[in-house]
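Q: Below is the structure I would like to discuss, written out as structure tokens.
The values are calculated or read from the model by the stated rules, or taken from the named source; none is laboratory data. This is a predicted model, so every value here is computed, not measured. Positions of Cβ are backbone-derived with ideal geometry, glycine not excepted, and every protein chain shown enters the neighbour counts.
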Amino acid sequence: MNADLHYLDGLEGPSMAELAEIEAEMPLIEAEVEWLDAQITVLTVGFNEVTRQMVRRARRERLRAACTVLAARAARPRRYATSPDRAA
């Protein structure tokens, strides 16, 4: 192992279940980024009809992605601190 990465010794990466959760939330993360980009555009160039449309589109996409993620979360069984993939 690279000597510069010695501080990573003994650390485990995320479990497959955690990676799946992250992957399931990517649409929401991407929608949030688009929403922030729309807000930044409004602040930097002003609020005209094009930016209004961009903001409305980003807001709709963000809400759609949030609904998808929340529905996926509701469909999954709950995990508790004592579940096997959370065991120390």
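Q: Which numbered condition trips up Gly10, out of (1) small (Gly, Ala, Ser); (2) modelled with pLDDT under 80; (3) in contact with a Lys or Arg (Cβ under 7 Å, 6 or more places away or on another chain)?
A: Evaluating Gly10 over (1) small (Gly, Ala, Ser); (2) modelled with pLDDT under 80; (3) in contact with a Lys or Arg (Cβ under 7 Å, 6 or more places away or on another chain) leaves (3) as the failure.
Let's see how each residue does on (1) part of a helix (DSSP H, G or I); (2) surrounded by 11 or more Cβ atoms within 10 Å (Cβ to Cβ):
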residue	(1), (2)
Leu19	yes, yes
Glu23	yes, no
Pro27	yes, yes
Leu36	yes, yes
Gln39	yes, yes
Val42	yes, yes
Phe47	no, yes
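Q: Let me ask something additional. List the residue pairs whose Cβ atoms are under 6 Å apart, where the first residue sits in the stretch 53-78 and is free of Cβ contacts under 8 Å to residues at least 40 places away in the same chain and under 16 Å from Val42 (Cβ atoms), the second is of a type in the set (Phe, Trp, Tyr) and surrounded by 11 or more Cβ atoms within 10 Å (Cβ to Cβ), and the two are 6 or more positions apart or on different chains.
A: Filtered contacts from the stretch 53-78: Ala58/Trp35; Arg62/Trp35.
Q: Return yes when Ala88 is in a helix (DSSP H, G or I), aliphatic (A, V, I, L, M) and modelled with pLDDT under 85 and no when it is not.
A: On the way: in a helix (DSSP H, G or I): no; aliphatic (A, V, I, L, M): yes; modelled with pLDDT under 85: yes.
No, not satisfied.
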